[in-house]
Amino acid sequence: MSYDVVIIGGGMIGASCAWWLARDPDFKGKVLVIERDPTYEFASTSHTNSSIRQQFGSEINIRISQFGAEFIHNFKEFMGVPDAPEITLQSFGYLYLADTPAFAETLRASAALQQSLGAGTRILTPDEIAAQWPFYNLDGIILGSHNPVNEGYFDGGTIFDWFRRQSRALGVEWRTGEVTGISREGGRVTGVTLADGGSIACGTLVNASGPRAALTARMAGLDLPVEPRRRFTFVFDAAEPLPADLPLTIDPSGVHMRSDGRYYLCGCPPDLDPAVDFTDFTMDHEIWEDKVWPAIATRVPAFERVKVINHWVGHYAFNTLDQNAIVGPHPDLPNFLFCNGFSGHGLQQSPAMGRGIAELVTHGGYRSLDLSPLGVERIIENRPLLERAVI
């Protein structure tokens, strides 16, 4: 078997790449997506909080999310079929809270950049925060940064389902299997080998394998600083519901929380945040009592009486260099394309990333948005593109 493009990984990123390729009228090739677990039981896509923000500290990330918001608002038109649904972006915004002068200055500088690119970010004093959301305890808070436009929660699951559905309708083939080897010849990838012994030739290979991205790169003789790290999420009910939506609040403790329909969602990383095994989804049952609940109850006193109704552990595909995506070809292997290391931003960045990969394959370069600042060259040169407000 032979395909023009083989995509390793059928989660949100791989599905987006497949759909964007298939919908491009200039692309005439065959595409195969290989996914090791079609149930997606432990996929990062299945354990996302499905949020989007423009409050980044670099222009490229801001522009990527601005296109993400455009894509969400115009999802039905992008899909191009009458039965495609409308997707709602619930723009209650992210609210970063600063309790140190250094972080306050970081938020101010980032807000200036975001505003210059058209974002609705505003810097709020504690009095201004209290006037809009009187349920916060703002002891120790110096200021907040909030963007009420195109920031919040969206139905990522439906977008994922339609990426897969429409890519198939447009001719993309999907196969269940695990890639165990990648063949190279003359400075190019020539194909992949599967665990069942099958081999597949390809013209271009896209690494969209999430937290397993480094394993995929290693099969091709390449290094990638991406590893799985656990992230904990809790959904809870409150005995005293808040009178208004809770913005996605990033507390100085490292805990974040937001409204989730009639309930609330919160989460955090562990205090010690090492790489874990790809199969390690162990819940830390003490982290709720020791870290999460004290933080949310301190910041929102109404959350003194809450009841956890669901919880899960997901994996970030964590880029250890700078927690930003790695996208595009490797200089030593030009038909091996990275789309990896999103460090929690994958769902919101998937529309722009799929479009960018499709443009590289079809046209030989980016046409809509230049993603080269996120290229692998910065990894090779140890030149991080740092974000100071990582969640």
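The values are calculated or read from the model by the stated rules, or taken from the named source; none is laboratory data. What you see is a predicted model, and the numbers here were worked out from it, not measured in a lab. Neighbour counts run over all protein chains shown; Cβ positions are idealised from the backbone, glycine included. Each accessible area value is taken on the protein alone, full model and side chains, heavy atoms only, with ligands, DNA and RNA left out. Shrake-Rupley method; radii C 1.70, N 1.55, O 1.52, S 1.80 Å.
Taking the stretch 253-267 as the range and being out of contact with any Gly (no Cβ under 8 Å at 6 or more places or on another chain) and either of a type in the set (Phe, Trp, Tyr) or in a loop (DSSP other than H, G, I, E, B) (or both) as the test, the residues that pass are SER253, GLY254, GLY261, ARG262, TYR263, TYR264.
Basic (Lys, Arg) and part of a loop (DSSP other than H, G, I, E, B), is that true of LYS76?
So LYS76 does not fit the description; no.
Flag: THR190 matches the condition of being more than 21 Å from GLN348 (Cβ to Cβ), over 25 Å from the mean Cα position of the chain (by Cα) and either free of Cβ contacts under 8 Å to residues at least 12 places away in the same chain or not in a helix (DSSP H, G or I) (or both).
Search the stretch 72-100 for residues that are farther than 13 Å from PRO247 by Cα and small (Gly, Ala, Ser) and pair each with any residue that is in a loop (DSSP other than H, G, I, E, B) and open to solvent by less than 60 Å² (accessible area, probe 1.4 Å) when their beta-carbon atoms are under 8 Å apart and the residues are at least 6 apart or on different chains. Matching pairs, first to second residue: ALA98/ILE141; ALA98/PRO252.
Hey, among HIS73, HIS47, which residue is over 17 Å from the mean Cα position of the chain (by Cα), under 17 Å from LEU347 (Cβ atoms) and not aromatic (Phe, Trp, Tyr)?
Working: HIS47 fails: over 17 Å from the mean Cα position of the chain (by Cα).
Testing whether each residue is over 17 Å from the mean Cα position of the chain (by Cα), under 17 Å from LEU347 (Cβ atoms) and not aromatic (Phe, Trp, Tyr) leaves just HIS73.
Among the residues of the stretch 151-172, those that are acidic (Asp, Glu) and surrounded by 15 or more Cβ atoms within 10 Å (Cβ to Cβ) comprise GLU151, ASP155.
Applying a threshold of 8 Å to beta carbon distances and a minimum spacing of six or more residues, or different chains, the list of pairs starting in the stretch 114-132 at a residue that is of a type in the set (Val, Ile, Thr) and ending at one that is open to solvent by less than 30 Å² (accessible area, probe 1.4 Å) and assigned to a helix (DSSP H, G or I) reads THR121/SER110; THR121/ALA111; THR121/GLN114; ILE123/LEU107; ILE123/ALA111.
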